[in-house]
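Everything on this sheet refers to the single structure shown next.
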Amino acid sequence: MNSQTASNRPSSFSPSTAAVEARPERGDLHPDGEKTSGQSAAPANPERRKAPRSWETPPAPVAPPPFDAYENIVGAAELDELRFLARELKGKTVKMVNSTAVGGGVAEMLNRLVPLLGELEVPTHWDVITGGNDFFEITKAFHNALHGSPYELTQAAREIFLSYNEQNRQRMQFNEDLIVIHDPQPAALIGARKDSHARWVWRCHIDLSNPNPQVWGFLRPYIEQFDTAIFSSQSFARQLPTPQYLFYPCIDPLSEKNKDLDENFVQKVCEEFGVDRSRPIVTQVSRFDRLKDPVGVVQAYKQAKKYVDCQLVLAGGGASDDPEGAIVLKEVKEVAGNDPDIIILDLPPWCALEINALQRASTIIVQKSLKEGFGLTVTEALWKGKPTIAGAVGGIPNQIIHKLTGMLVHSVEGCAYQIRYLLTHPEFAAQMGKNGREHVKENFLMTTNVGRWLLLLRILLVEKKV
Amino acid sequence: MTGSTQSAPPHQPAKPFYFNTSAHLLRITALKAATLAEFLDALRACPEDSIFQHAFRTLQEHHFIREGFSNDFAHWVLSALNQPGLAEQLANVDVREYTSLGELRDRFIQIVELHLERNPADASRLADETFYFCASDIVMVPTKFVAQNMQAFATGLREVSVHSIHHHFIEARLRIKLMSNDFSQWLYEDVGLTETARALNRIDIYTGTLEDVRRQIVRVVERALV
């Protein structure tokens, strides 16, 4: 297995715009509340938008928590159920194959799932395919095309795609009982099926509801050879001759992004970023990407601000390593103008604890996406019990049941109204936040995901229903 | 349920109660609906596992919601078709009145058919969101809780997962084909607590969360311990 390293992360972080805010120094105060050195916490500086501190290297990856650590979150009974399911699978082995060991939601999820399955005595190996830049340029184009972008599939692209898949097929062994191929990049590895006793599963993490017909037409014959396919939302699925299952994406409640934080740490992060916790805080966490509509969020905030006092925090990344992100950030700053209550934070990807703290400090969390995959930032917000307003796109309606676990909106005006409504109806907002957290606990946590994999293994390998 | 009313204190159960639970995997079927007419067609054609998923299992998935949620069909008709009258009728279908998924499906079909007879223009109105028919693959899972007596039964009720409560209290009627549940059947047949068994059957599962339902079950059982 390719272990996660920081090798694909930038070796240094040099904020490129003046909009970037100060970053807290984690060494001052442990996020769980414990001082990490003999020094006291750095004095808070309430001044806003001060010059950013440089943060030269990302912190080392955190080791995944053991299975038993989830008992405090989901309860002993839930873990017992998983142990039982796993016991019945003793001796069965699994291989997961994807296209990257670091970066992106799939690698993040596998980094947690693989050790947990191993701990439950279902040995799970994780292999990552290799390929040249030409391969990954094509698979990136395939990814966009499967999301509906126009793309002209050439014979050369087909050949490069198949050639790298063949190289990986020859390099890899497929001796496990279940082979899980994640996403389209390694899909043609199914060619190895004829030499393997395994059951084969295609786990599709992307939205196939409106794919480019050329690319889907090319991939489909490979997908149809799998025993089953798994999608992240009902609406992402395609008509296939094989059974299809629904596995919602999930968050890890013990990860840096989602674990409970000490109140002092949350306070310190807010002080460092100039967020005033004595007043309502509306936050959107997302890359500076037009599909996340950060400009629309600023407009909604401005409309709501005519009626209710609040601050807006836009926390995300992408402006320093993506030219389009930098343009979007510039647009956001222009719309924001000189409003001192709009706090724009372009954070590097390793600021999970700070994002966690900002979410926890928020009164309302917004995810006003115009197009979305599943929307794990919504899941994170709901898990923190926050009243959440989100665009009714992609997988978000699976998470937000309108008025019960959150508010779905379709416009800037709708978003502005819901901000006003939730800020003026705190009891309703609190109940909704509570429901949202329970919804995540039931459906979108890592432990639920482990359960789904164990059930699928049982259905495919023990009961052989499929 | 028939039988004599209880008068003596609870005695030793004839058989222990084994707490189980069920785990579900969600299958995506090929059926979907963007209008009420398509919905009716799919309702007629879908596998019984779909009726189970959208009427029974959804209660477990949304067990934390105190009000406003009964089944997926009613929720879609309200939120995506904006048909509150039809939604109320669909929501009013109490799954506990059905011991077979076929009968339950027929009831949903009957309601939609009647609505379309009276409101034919509603048949082709496009919904805001498509309804995707899913189905549930179920695996029964034992738990470590086994009740040899009433005290242990009460302990089990307090400590099992809400999934186990759903399994025994709500899904059970499809297995035992009775207008009852596993807890009441055991109390009636193996413990002789007829009134306690009846009291459990009167608990409303639609006006509270599953944790509320669990608390009510525990209260009823604890009263029998006194």
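The values are calculated or read from the model by the stated rules, or taken from the named source; none is laboratory data. Nothing here was measured: the structure is a model prediction, and the numbers come from that model. No Cβ is skipped: glycine too gets one built from the backbone with ideal geometry, and neighbour counts run over all protein chains shown.
Strands (runs of 3 or more DSSP E) fully within the range A:357-466 that include at least 2 residues being away from chain B (no Cβ under 13 Å): A:364-367, A:388-391. Residues that are within 14 Å of another protein chain (Cβ to nearest Cβ) and over 19 Å from residue A:443 (Cβ atoms) were ranked within the range B:10-28; the one that is surrounded by the fewest Cβ atoms within 10 Å (Cβ to Cβ) is B:18. The strands (runs of 3 or more DSSP E) found wholly in the range A:235-316 and carrying at least 1 residues that are within 30 Å of residue A:202 (Cβ to Cβ) occupy A:244-246.
Check whether at least one residue in the range A:405-424 is touching a residue at least 40 places away in the same chain (Cβ under 8 Å) and under 20 Å from residue A:253 (Cβ atoms), and report yes or no. No, the range A:405-424 has no match at all.
A single entry from B:178, B:174 fulfils the requirement of being more than 9 Å from chain A (Cβ to nearest Cβ) and either buried (at least 19 other Cβ atoms within 10 Å of the Cβ) or over 29 Å from residue A:466 (Cα atoms) (or both): B:178. Criterion applied to A:177, A:195, A:262, A:183 was being surrounded by fewer than 22 Cβ atoms within 10 Å (Cβ to Cβ) and in contact with a Gly (Cβ under 6 Å, 6 or more places away or on another chain), and the one residue passing it is A:262. Looking across A:404, A:408, A:353, one residue alone is surrounded by fewer than 24 Cβ atoms within 10 Å (Cβ to Cβ), over 16 Å from residue A:294 (Cβ atoms) and touching an Asp or Glu at 6+ places or on another chain (Cβ under 6 Å). It is A:353.
Taking the range A:72-187 and the helices (runs of 4 or more DSSP H) fully enclosed by it, the elements with 2 or more residues that are more than 26 Å from the chain's Cα centre (by Cα) are at A:76-87, A:155-171.
Pick out the one residue from B:59, B:78, B:40 that is away from chain A (no Cβ under 14 Å) and either farther than 30 Å from residue B:19 by Cβ or at pLDDT below 95 (or both). Going through B:59, B:78, B:40 in turn, just one is away from chain A (no Cβ under 14 Å) and either farther than 30 Å from residue B:19 by Cβ or at pLDDT below 95 (or both): B:40.
Somewhere in the range B:132-139, is a residue of a type in the set (A, V, I, L, M, F, W, C), under 20 Å from the mean Cα position of the chain (by Cα) and over 28 Å from residue B:81 (Cβ atoms)? Checking the range B:132-139: at least one residue is of a type in the set (A, V, I, L, M, F, W, C), under 20 Å from the mean Cα position of the chain (by Cα) and over 28 Å from residue B:81 (Cβ atoms). The number of residues in the range B:169-217 being in contact with a strand residue (DSSP E or B) (Cβ under 7 Å, 6 or more places away or on another chain) and modelled with pLDDT of 95 or more comes to 1. Is it the case that some residue within the range B:130-148 is within 12 Å of chain A (Cβ to nearest Cβ), free of Cβ contacts under 8 Å to residues at least 24 places away in the same chain and crowded, with 19+ Cβ neighbours inside 10 Å? No: zero hits. Checking each residue in the range A:318-356 for being assigned to a loop (DSSP other than H, G, I, E, B), of a type outside the set (S, T, N, Q), farther than 30 Å from residue A:434 by Cβ and touching a residue at least 60 places away in the same chain (Cβ under 8 Å) picks out A:319, A:321, A:340, A:348, A:349, A:350.
If the condition is being more than 9 Å from every other protein chain (Cβ to nearest Cβ) and either assigned to a helix (DSSP H, G or I) or of a type in the set (Gly, Ala, Ser) (or both), then the range B:149-159 contributes B:150, B:151, B:152, B:153, B:154, B:155, B:156, B:157, B:158.
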